[in-house]
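The values are calculated or read from the model by the stated rules, or taken from the named source; none is laboratory data. Nothing here was measured: the structure is a model prediction, and the numbers come from that model. Note: ideal-geometry Cβ built from the backbone for every residue, glycine included; neighbour counts use all protein chains shown.
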Amino acid sequence: MPDLILWNSIASRRRSPSDDFLDNGLALLKAFVQARDFEVELADWARSSRWQKLTPRPLAASNRFLASLLIPGENTGKSGKKLFRRLAGPLFLLSQEVTTSIQRRRLDRMLRDLALRVRDSGCRVLGIKSWYGEAYRSAKELARRVRRFAPDVLIVIGGPHASIYQEAVLEEGLFDVVVIGEGEIALAGILELSREYRGREVLLAAVSAEAGRGKLRNLICRSERPVAKPLIEEGEAGSKAVSGYEDFEGKTRIHVIVDSQGCPWGKCNFCTHTCIYGVHSLRDPESLLDELARMISAGIGIFRFAGSSTTLNQAGRIAALIEARALKLTFSMFVRAEAEARREEVHQRIVATYRQLLRSGLRAVFMGAESGMDTVNELVMNKGAGRANIIGTVKAMRQAARAEGLPLDIGLSLIYPAPTLGRVTLEELLAENISLVEQTQPDSVLVSPPAPFPGTAWFNEKERFGFELGENFVREMLEYDYVLYKPTYLWPEIELKLEGRGLREILGLCQELRRALEDRGFVTEVTDEHFLMLRAAGYAGKEGAKKFKYQALLDLLSCDYRWINQLQQRVNQASLQLAAANRK
Ligand code: SF4
């Protein structure tokens with residue numbers, strides 16, 4: 001009989017080809033509590049096979065046909081297709097509505113079955129990993145059903161979404177405890193108490209009392225009283241070793257490995273990281289290498305470093321060990337622009353470290369540039385990195401790649417539109433963003449709209465940054481779903497304004513920058529994890545990235561995932577082959 005059932009919440013349709021990477025967070029939780037003699041049952045639904053089941057095949061195929069007429073890309077210029085495009089729009093929207101309603105019904109049935117499993121298993125705690133949008137709706141639906149079928153089970157919610165919205169997820173009374181950031185110690189503590197305190201309310205009272213005494217951290221309990229801010233456990237990246245995976249079915253063989261926790265800077269005005277992780281901590285490179293070796297022997301050769309911005313020193317230490325042990329693998333990581341990157345001495349250090357990183361398997365990086373204007377990066381973003389640092393760091397990376405004769409995909413992310421504080425105009429910001437991209441020539445640009453998440457400076461000092469947030473803003477954001485198949489003018493408005501502009505206008509401006517970059521030949525919205533996948537599957541150069549983007553979009557819009565599933569097979573084969581090369 002399991003003590004705990006852990007469930008990875010999903011939406012009824014995929015959002016990205018990388019949705020089904022191996023989930024190291026759940027693997028960590030499971031290993032941690034199992035080591036303390038608790039039995040855990042894992043329900044990780046983020047698998048290609050699951051999503052496939054949610055859409056009837058003929059409907060998916062007809063969606064694909066309609067989507068292929070609508071998406072600008074391959075062959076859309078042909079005159080025959082042009083004739084159909086006008087007709088296809090309304091038909092496509094109608095068929096999407098039908099698809100969504102069938103998917104929701106199927107997902108609801110799966111949720112009911114899981115709630116019954118929770119009841120029949122006799123477990124005492126249900127743990128939910130939460131994600132945004134419709135996946136959060138699924139989490140609520142499951143909680144509602146578990147409350148009905150198994151009222152004595154304590155429902156704990158954690159994961160990225162709950163960690164951002166914290167006490168707001170408890171408002172409806174569906175979840176009992178929200179865990180913020182690191183969950184394993186809190187979850188093990190709750191399970192320990194569940195041995196002694198039986199029944200949901202009794203257990204909740206015991207958990208709440210322990211949290212009040214400071215013995216359980218990183219959590220908030222459902223309560224009638226106003227909630228106190230939780231004590232946050234200091235991050236300890238060193239304890240993050242994943243022992244292994246048991247079930248590869250429908251998963252992409254890419255392992256996300258913890259190299260550090262928190263952020264060495266931790267002061268960006270829009271970032272939720274510091275609200276979730278207290279301090280920055282580094283993983284011991286030797287322990288990271290042991291985990292890499294374990295994963296390689298389990299047939300995984302592709303990795304993504306989990307750190308929000310891996311420092312040059314830490315990356316260099318890891319690369320040196322990979323080289324020393326002659327491991328064959330590929331990986332990607334998030335980086336920050338280096339301070340004084342244009343100074344010769346610093347430049348040489350960046351080049352030398354990236355050369356070593358490339359030799360050890362680095363193939364993609366993603367850097368938060370945020371904007372091409374120093375005034376904005378300093379006063380609006382508090383980025384701690386200006387245009388010269390971004391340009392200098394990218395230049396050094398390119399030099400390293402040329403010197404080693406190895407490929408490196410570089411992604412930049414921008415936030416547009418952004419608060420202007422009356423210091424700049426949006427037109428100036430747009431032009432400077434474009435000129436930064438032209439100067440750095442990244443392989444992809446990710447453009448995001450501004451989002452004042454709870455806990456950030458943008459949220460706490462909203463007036464100063466020009467945001468107007470209504471009373472329902474947090475509640476609306478909790479549930480907001482980006483409906484990929486709808487044009488932005490059909491997306492619901494929420495109680496958010498930036499300098500007088502509503503959400504749709506903000507999204508429209510964001511799209512304007514994307515289009516301006518695409519018109520200049522740049523690839524947009526392909527992330528480092530996408531690069532890992534598409535290169536592993538054999539898509540080369542800029543054309544390969546464009547092909548990936550087009551095909552993935554077609555699959556995501558149509559819910560006909562045949563191309564993404566084939567991609568997954570090719571990535572898995574490449575990952576297995578890389579891992580096997582270590583045995584020769
Ligand atoms: S945006 Fe990146 S650099 Fe800034 S605080 Fe967050 S993680 Fe750190």
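Listing for the model above:
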{"quantity": "Residues that are within 16 Å of the ligand (Cβ to nearest atom), of a type in the set (Gly, Ala, Ser) and surrounded by 18 or more Cβ atoms within 10 Å (Cβ to Cβ), drawn from segment 362-385", "calculated": "Gly368, Ala369, Ser371, Ala385"}
{"quantity": "Among (1) on the phi > 0 side of the Ramachandran plot; (2) in contact (Cβ under 8 Å) with a residue 40 or more places away in the chain, the one test that Asp409 misses", "calculated": "(1)"}
{"quantity": "Boolean, Arg359 is touching a residue at least 12 places away in the same chain (Cβ under 8 Å), away from the ligand (no atom under 16 Å from the Cβ) and in contact with a strand residue (DSSP E or B) (Cβ under 7 Å, 6 or more places away or on another chain)", "calculated": "no"}
{"quantity": "Residue match in segment 390-400 (condition: within 16 Å of the ligand (Cβ to nearest atom) and within 26 Å of Thr456 (Cα to Cα))", "calculated": "yes"}
{"quantity": "Qualifying position, being over 21 Å from the mean Cα position of the chain (by Cα) and more than 16 Å from the ligand (Cβ to nearest atom), among Leu292, Leu312", "calculated": "Leu292"}
{"quantity": "Subset of segment 272-289 [outside any helix (DSSP H, G or I), surrounded by fewer than 23 Cβ atoms within 10 Å (Cβ to Cβ) and within 12 Å of the ligand (Cβ to nearest atom)]", "calculated": "Thr272, His280"}
{"quantity": "Residue in segment 514-529 that is small (Gly, Ala, Ser) and under 23 Å from the mean Cα position of the chain (by Cα) present", "calculated": "no"}
{"quantity": "Selection status of Val424, of a type in the set (Val, Ile, Thr) and assigned to a loop (DSSP other than H, G, I, E, B)", "calculated": "yes"}
{"quantity": "Candidates Asp247, Asp259 - the one that is at pLDDT 90 or above, away from the ligand (no atom under 16 Å from the Cβ) and within 30 Å of Ser332 (Cα to Cα)", "calculated": "Asp247"}
{"quantity": "Check on Ala11, in a loop (DSSP other than H, G, I, E, B) and out of contact with any Pro (no Cβ under 7 Å at 6 or more places or on another chain)", "calculated": "yes"}
